[in-house]
Structure formats: C-alpha cells, structure tokens
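Q: Structure provided below as structure tokens; questions to follow.
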Amino acid sequence: MDNMASDEDRTKCTNKGAALMRCLAASDQTAGNLMGDKRIPPSAASQFHGDLKQELQNWYWRERNPTSGRRTAEWWQFPRAMQALGLNLTPTTQGGDNATHRVEHWDREMRDEKGNQVLAINQWYNVPGIERHEATRAHYDFGVNAKGGAIFGFFLESPQASARALWYGGSKEPDPADLPQLRAFSDVLWGYWSRDNADVKNIRYLLMVGICNDMTNQLIDECLCRKNAELREWPGTDFEADTEEGHALIGSPNGAVFAYFLMQHKAELGQKTISKVTVFRPETEDSVEFVDTSLVFHVIDSPEITADDKEKSVVKVKEIDMKL
C-alpha cells in the first residue's frame, strides 16, 4: 500500500467526484449551469444521441472484433461477483447476455498501392463541413449487458492520450480542435448502450475491469489503506458515494467517465446517481501484487435535488477541472 496518490491528485479527484455527484443530483439545467454550459438554457446533455452509427463513421471510428485474448479472459475471472450482481457469465456469441465491442480511431484495413498497411500516423479523414483531421489510433474496449443492466469498461485509450503519444511522442498535448468531436468514452458508450435496447433506463452497474491507470490505482490503494482493508475477491470493499473516498473514486480517471455517462443522458436514463463503489480483485491464484483491480459503480434512481439544496450545491464547479 505504498503506492499512494499525491496530495494534488487526491484533492483534484475528490473535488471532481464531489462536483459530479452534485451534478447527478441536480436537474439537467442546474447541472449545465454548474458545469458552466453556454447554451440557453444551460444543459449538461451531450450533443450526441441515439445509436451514433453514422456519427461514429463520420468521425473515423472503426469497429473491430473484440473476442481475442485478454479482453474476454478478464471478464470471466470474477464469477462470484457476476453471480452476486445477478449477471450471467456468457457472451452473446454463446447465447448469453454479454456483448463485447472494440472501436478504433484508425482504419486497420487501409492499404497503400503496394498492399502495405497504412499506419495511423499517415491516415487522414474528412468530416462533412469540417476541416481535415488526422487519425489518433485511440481505442475503446467495452462490454454491454442490456438485460442485466450492466456496462463493462476494459481497455480505454482516449484520442487525447493516443494523439499525445502518436503525434508528439508524449511531449505535448494535442489541440482539442484537431481531435474528433466524438471522442469521449461516455459518448461512444451511449451509442452502444442505446442500440436495440428496449429499456435504456435499466442501468444498474458500471464496471471498470482490470484497471491499469496509475492514478486510479494509487487512489484505490489509499482508499483501502484509510479503511484498513486489503484488496480482496468479491464481495470486496465498499465505499459509500457520499464519503471522501467515494468522491475520489468517482472523480478518478476510471470513474468520471461513468458519472458523465449518467449526467449527460438524464433525458433518456432518468435521474440516476451512484450509491457506492465496490473495489475488488479477480478470483485467481495470482499474488495481489500481480492482479489488476476492478471497480463496480452501483447505480440507483435518485430524486432531483430540491430547491432548498440548490444554493448548497453551487460550489464553484466551474473552477474544478471537469474535463474527461
């Protein structure tokens, strides 16, 4: 437990998680106002709605087969957790409820005149009415269980992070204007959650599986240490969402994406919030030092914030770094 978050990262994520929880409790208009949205009236809603099939194509996202290697193996390393959450263990390819997806921000099939693969760094695309853009080689691997009300995040590399490495060798941040407008995992996820889903409001669990992000893992270590707990298999360790530890996990790089997913789609999902976060490890024989932690964000219906509470909630959310 010596891999603790820095004071700066802990404060940043804790404040961000608290702000996101306030926005989840608020109406869409109040949340938009808290976020500093410039629309009239303000709104926290995403600009992207529906199944996003055309939008994903327009912004150069390409679907790939997600069924190889660790992407499927990770999913089934915690059967007790899946059973306890009321989720079956079978992928849709075998008649179950769990569909896996992978989208990449480049065209892996593109070839030059000699039949050689065109690298992502040499791929450009045009969006109708918008300037030419360069591929980022970002990718999102995730799963959807519409029947059980669960979403799984597996391997996530955003266009911001991927472009930083691909375009600049990690030396500088890309200009947001050069990135695809459809770039947030929360937006891409919405397109797949809403497809052929008769009950989009049936969202109960948001799982981040096999976390590799350093900051999130450091925050998890610190939260466990504060509770005098060790990383363990299911039922793991719970952190209530209204605690400082819960705020830190919700505001972490691996938690904020799910909070945005709920906040930006209030019109479709209804008023949802996160009640608690469960930290647990897979059910393997590996030493705790060699396993990746997973998180479950438990989603519940929530009454909208009352008029009496609105003044309490207006804590300069706009001054907190709320970027995805």
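The values are calculated or read from the model by the stated rules, or taken from the named source; none is laboratory data. Small disclaimer: the values here were computed from a predicted structure and weren't measured. For neighbour counting, all protein chains shown are included, and Cβ atoms are generated from backbone atoms with ideal geometry for every residue, glycine included.
Q: From the list E240, E245, exactly one residue is farther than 30 Å from A163 by Cα and either crowded, with 20+ Cβ neighbours inside 10 Å or touching a Leu at 6+ places or on another chain (Cβ under 7 Å) (or both). Which is it? Let's see the steps before the verdict.
A: Details: E240 fails: either crowded, with 20+ Cβ neighbours inside 10 Å or touching a Leu at 6+ places or on another chain (Cβ under 7 Å) (or both).
Answer to the selection: E245.
Q: Has segment 226-243 got any residue that is basic (K, R) and under 19 Å from W193 (Cβ atoms)?
A: Here is the first cut: in segment 226-243, the residues basic (K, R) are 226-227, 232.
Cutting the leftovers down to under 19 Å from W193 (Cβ atoms) gives us none.
Checked against the condition, which is being basic (K, R) and under 19 Å from W193 (Cβ atoms), segment 226-243 yields no hits at all.
Q: Select from segment 41-64 the residues that are touching a Gly at 6+ places or on another chain (Cβ under 9 Å) and without any contact (Cβ under 8 Å) to a residue 24 or more places away in the chain and list them in ascending order.
A: P41, P42, S43
Q: Moving to a separate point now. Which residue is farthest from the chain's Cα centre (by Cα), if the candidates are limited to segment 127-138 and must be without any contact (Cβ under 8 Å) to a residue 60 or more places away in the chain and in a loop (DSSP other than H, G, I, E, B)? Spell out how you get there, then give the answer.
A: Our first condition is that a residue be without any contact (Cβ under 8 Å) to a residue 60 or more places away in the chain; within segment 127-138, this holds for 129-132, 134, 136-138.
Subsequent filtering for residues that are in a loop (DSSP other than H, G, I, E, B) retains 129, 136-138.
Working: G129: 29, T136: 18, R137: 18, A138: 14 Å.
Ranking the qualifying residues of segment 127-138, first place goes to G129.
Q: Among the residues of segment 1-35, count how many are farther than 18 Å from M263 by Cβ and surrounded by fewer than 22 Cβ atoms within 10 Å (Cβ to Cβ). Reasoning before the result, please.
A: First, the residues of segment 1-35 that are farther than 18 Å from M263 by Cβ: 1-12.
Subset that is surrounded by fewer than 22 Cβ atoms within 10 Å (Cβ to Cβ): 1-4, 6-12.
Residues in segment 1-35 being farther than 18 Å from M263 by Cβ and surrounded by fewer than 22 Cβ atoms within 10 Å (Cβ to Cβ): 11 in total.
Yes/no per residue for (1) in a loop (DSSP other than H, G, I, E, B); (2) surrounded by fewer than 21 Cβ atoms within 10 Å (Cβ to Cβ); (3) more than 20 Å from the chain's Cα centre (by Cα):
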position	(1), (2), (3)
N88	yes, yes, yes
T93	no, yes, yes
R102	no, yes, no
W106	yes, no, yes
Y140	no, no, no
G153	no, no, no
Q160	no, yes, no
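Q: Right, another one. Give the residue that is surrounded by the most Cβ atoms within 10 Å (Cβ to Cβ), with candidates limited to residues of segment 191-213 that are within 15 Å of A256 (Cα to Cα) and out of contact with any helix residue (DSSP H, G or I) (no Cβ under 6 Å at 6 or more places or on another chain). If you could, list the steps in order and put the result at the bottom.
A: Taking segment 191-213 first, the residues within 15 Å of A256 (Cα to Cα) are 205-209, 211, 213.
Remaining after also requiring out of contact with any helix residue (DSSP H, G or I) (no Cβ under 6 Å at 6 or more places or on another chain): 205, 207.
Values: Y205: 21, L207: 25.
My answer is L207.
Q: If you check R232 against the conditions, is it surrounded by fewer than 21 Cβ atoms within 10 Å (Cβ to Cβ), touching a residue at least 40 places away in the same chain (Cβ under 8 Å) and touching a Phe, Trp or Tyr at 6+ places or on another chain (Cβ under 9 Å)? Step through it out loud before you land on a result.
A: Values: surrounded by fewer than 21 Cβ atoms within 10 Å (Cβ to Cβ): yes; touching a residue at least 40 places away in the same chain (Cβ under 8 Å): yes; touching a Phe, Trp or Tyr at 6+ places or on another chain (Cβ under 9 Å): yes.
Yes; evaluated as a whole, the condition is true for this residue.
Q: In segment 163-181, is there at least one residue being in a loop (DSSP other than H, G, I, E, B), closer than 18 Å to D51 by Cβ and either of a type in the set (K, R) or touching a residue at least 12 places away in the same chain (Cβ under 8 Å) (or both)? Don't jump to the end; show me each part of the working.
A: Let us first name the residues in segment 163-181 that are in a loop (DSSP other than H, G, I, E, B), namely 169-175, 179-181.
Checking the rest, the ones that are also closer than 18 Å to D51 by Cβ come to 180-181.
Applying the additional criterion that residues be either of a type in the set (K, R) or touching a residue at least 12 places away in the same chain (Cβ under 8 Å) (or both) yields 180-181.
Yes, segment 163-181 contains a residue that is in a loop (DSSP other than H, G, I, E, B), closer than 18 Å to D51 by Cβ and either of a type in the set (K, R) or touching a residue at least 12 places away in the same chain (Cβ under 8 Å) (or both).
Q: If you check V188 against the conditions, is it surrounded by fewer than 20 Cβ atoms within 10 Å (Cβ to Cβ), modelled with pLDDT of 95 or more and closer than 23 Å to A45 by Cβ? Steps first, please.
A: Values: surrounded by fewer than 20 Cβ atoms within 10 Å (Cβ to Cβ): no; modelled with pLDDT of 95 or more: yes; closer than 23 Å to A45 by Cβ: yes.
Against the criterion (surrounded by fewer than 20 Cβ atoms within 10 Å (Cβ to Cβ), modelled with pLDDT of 95 or more and closer than 23 Å to A45 by Cβ), V188 does not qualify.
Q: Taking segment 1-30 on its own, how many of its residues are closer than 29 Å to A267 by Cβ, touching a helix residue (DSSP H, G or I) at 6+ places or on another chain (Cβ under 9 Å) and either without any contact (Cβ under 8 Å) to a residue 12 or more places away in the chain or not β-branched (V, I, T) (or both)?
A: 15
Q: Can you give me the number of residues within segment 36-85 that are at pLDDT 90 or above, in a loop (DSSP other than H, G, I, E, B) and surrounded by fewer than 16 Cβ atoms within 10 Å (Cβ to Cβ)? So that I can check it myself, show each step before the final result.
A: Filtering segment 36-85 for residues at pLDDT 90 or above gives 36-64, 80-85.
Imposing the further condition that a residue be in a loop (DSSP other than H, G, I, E, B) reduces the set to 36-52, 59-61, 85.
Among the residues that remain, those that are also surrounded by fewer than 16 Cβ atoms within 10 Å (Cβ to Cβ) are: 36, 38-41, 47, 50-51.
Total meeting the criteria: 8.
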